[in-house]
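The structure under discussion appears below in the form of structure tokens.
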Amino acid sequence: MFGLPLSTFLLVLGFPLFWILYTIGFLLLTRNWENDGDAS
Amino acid sequence: MNATVIVFLVLYYVVVLGIGMWAMRRGATGDLEGYLLGGREVGPLVTALTLQSTSMSGFMFLGAGSLAYTTGYWSLWFAAGDIGGGVLNLSIIGRRMRKLSQMMGSLTSIEYLEARYPSPVTRLIAASLSVFLLAFYVLAQFIAGGKGMALVTGLDYEWALLIALAIITIYTLLGGYLAVAYTDFFQSLIMLVGVVWILGAALVHVGGFTAANRTLAEIDPTILSIWGTGLGFEGQWGVVAGAVLVFSAGYMGWPHVVTRHMAMKRPSTARLAGAYATVWNLLFVSTPYLVGILAILILPNLDDPELAIFEVAQTLLPPAVTGIVMAAIMAAIMSTADSLLLQTGSIASRDLYERFINPSASEQQMLWVSRAFVLAIGIIGYLVALVEPPAVAFVVIFATSVLGSAFAPAFVCAVWWKKANTPGAIVSMVVGAATSVLWELADLAATTTLAPVTVGLTASTVAIVVVSLATQRRSPVPPHVLAAMEETARLGPIPERLIALSDFALRSEAEEIESMLRDGEAEQ
């Protein structure tokens, strides 16, 4: 793919994909954070 | 000397200075929290971009390009971790550190460590390590600035270095945190535009990404390998782990970066900031490495690989665009250097001078100490960068490896592990720093195939766990720290009574005295 060996292709595109999924997971798991931290 | 490039560069400095002065007036609250943390009023987008532009230093334009030029696609291992560094940092410690630091009334990341792990030794060790390493780190920015300025202006390196250093130092002396955060925001956008522009021009020049890779394979197929040119790192997973960890997990231990969490408007700001950081990183992080790889085709006989990206820009872009790109490069250098200098000055004045030398120092005196320290670093940095300038990539990877090894477990456990105590944190910082420095100086990475940060992070993590558990009975975590941690874990408003704890450390001392008195009474 793109003239790269498979391992290099995974390095170039696999890690970004992993971090996209991590970020989506983080956003989904923290939907209840919105009211956190304001002084009562 | 190209007049158009100079005009764009000067224009850039004027805009940055204007934003800095506007931010200074906007954040002029008159107190130390306003100066050091922007009054804790920074929103998610600015938080994300100041976090990222601070960590993406001149390294990205000199070190990354050089690594890619000399090792090929192997260098992308650094980008693999770096892309997630922001969201990892914000998701693991962002919300909790913001909340805990407010309850503790901490204004610097080192003061925060002392409040969480109560002992003057915590502060002395953390502050000394930080001042030394951040000053070393800023040296790389001076060298990068000098080299870039020399290339753009055609001046000798000595004069270019002096001009770059003077601009960075004066600019830092002018503003506080808010000025730094807002100029970082602007600079991060310039950096993005600049680097994407160079990549676009480079891809057009080499006939596209696939064609470039095929040509590279004809020159040397190992350039395309994940093990580096000449397969120099083949099977060295410990070194690979170090490359991935240094700008991801290690990043959670950089004092000048984690301060960004403390300055967020609300704890929940970490959520959106994490998403913005990932978007920005996806667009920015891999790009300088790819330009460095393409430079192998565009400029095959470079004398100084650190100038690969500068040279590609000068070769391929028209002068006006080169001016923008040079501004981007200077933006990367300055956005890191100003944060490093501000942080080093703050730590020197607040965590060393006020804490250990002159506890009754006025804010004015501390400001002067901070400024004197920034100037001293500038002068020493100039002399070192002039006489024996080390490679930017080496300095940055060394300093960030030691910072990450020393502090990451202490910062993470501070908010997540109630048993993490003072002896555990102190031993962890010392062991992490010492291990990674020794590993680097003795060049043990070459014989063991383990990178200093891999070993340092492992050692400091093991140290904080083992020592904390072993000393739990003798040095329990103080009840007021445990109460603050429990409140930090809970989602919801912080009770007023906890925010009002203006002197968290005093409360710790009071509890110690009460405990001693109780023990004394029991013995009698």
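Counted residue by residue at 0.36 nm each, then reduced by the alpha carbon distance between them, the extension gain from B:Ile379 to B:Glu486 reaches 34.0 nm.
In this rough spin-label picture, where each label sits 7 Å from Cα along the Cβ direction, the B:Trp237-B:Arg473 distance is 4.0 nm. Suppose R0 equals 41 Å; then what is the FRET efficiency for B:Val466 and B:Ala211 from their Cβ-Cβ distance, rounded to the nearest 0.05? It comes out at approximately 0.15.
Label sites at A:Leu21 and B:Ala166, each approximated as a point 7 angstrom past Cα along Cα to Cβ, lie 5.4 nm apart. Averaged over the residues of B:464-476, the number of partner chain Cβ atoms lying within 10 Å of the residue Cβ comes to 0. In a fully extended conformation the segment linking B:Ser362 and B:Val193 would gain 56.5 nm over its present Cα-Cα distance, using 0.36 nm per residue. Label sites at B:Ala434 and A:Leu6, each approximated as a point 7 angstrom past Cα along Cα to Cβ, lie 4.7 nm apart.
Note on B:Trp417 and B:Leu517: with the Förster distance fixed at 25 Å, the Cβ-Cβ geometry gives a FRET efficiency of about 0.25. Magnitude of the charge dipole for the range B:3-506, about its Cα centre and with charges confined to Cβ atoms of Lys, Arg (+1) and Asp, Glu (-1), is about 1820 debye. Remark: mean inter-chain Cβ contacts per residue of B:214-222 equal 1, using a 10 Å Cβ-Cβ cutoff to other protein chain atoms.
About the centre of its Cα atoms, the protein assembly as shown shows a dipole size close to 1120 debye [charges on the beta carbon of Lys, Arg (+1) and Asp, Glu (-1) only; nearest 20 debye]. Counting Cβ atoms of other protein chains within 10 Å of each residue's Cβ and taking the mean over peptide B:260-271 gives 3. For the range B:215-282, relative contact order (Cα pairs under 8 Å, six or more residues apart, normalised by length) works out to 10 percent. For the range B:162-275, the dipole from Cβ point charges (+1 on Lys and Arg, -1 on Asp and Glu) about the Cα centre works out to 600 debye, to the nearest 20. When you restrict to C-alpha pairs under 8 Å that are six or more residues apart and normalise by the size of chain B, the relative contact order lands at 29 percent. The simple Förster model, with R0 at 60 Å and r as the Cβ-Cβ distance, assigns A:Leu28 and B:Asp156 a FRET efficiency of 0.60.
Fully extended, how many nm does the chain gain between B:Asp304 and B:Asp220 (0.36 nm per residue separation, minus their Cα-Cα distance)?
Stretched fully, the B:Asp304-B:Asp220 segment lengthens by 28.2 nm.
Look at the dipole of the protein assembly as shown built from charges on Cβ: of B:Gly145, B:Tyr13, B:Leu51, the Cα furthest out on the positive end belongs to B:Leu51.
Restricting the trypsin sites (Lys or Arg not before Pro) of the range B:291-400 to loop positions (DSSP other than H, G, I, E, B) with no more than 14 neighbouring Cβ atoms within 10 Å leaves nothing.
Every read-out reported here was derived from the displayed coordinates using simple, explicitly stated rules and does not represent laboratory data. Treat the numbers as computed from the prediction; the structure is a model and nothing was measured. Positions of Cβ are generated from backbone atoms using ideal geometry, with glycine treated the same way; all protein chains shown enter the neighbour counts.
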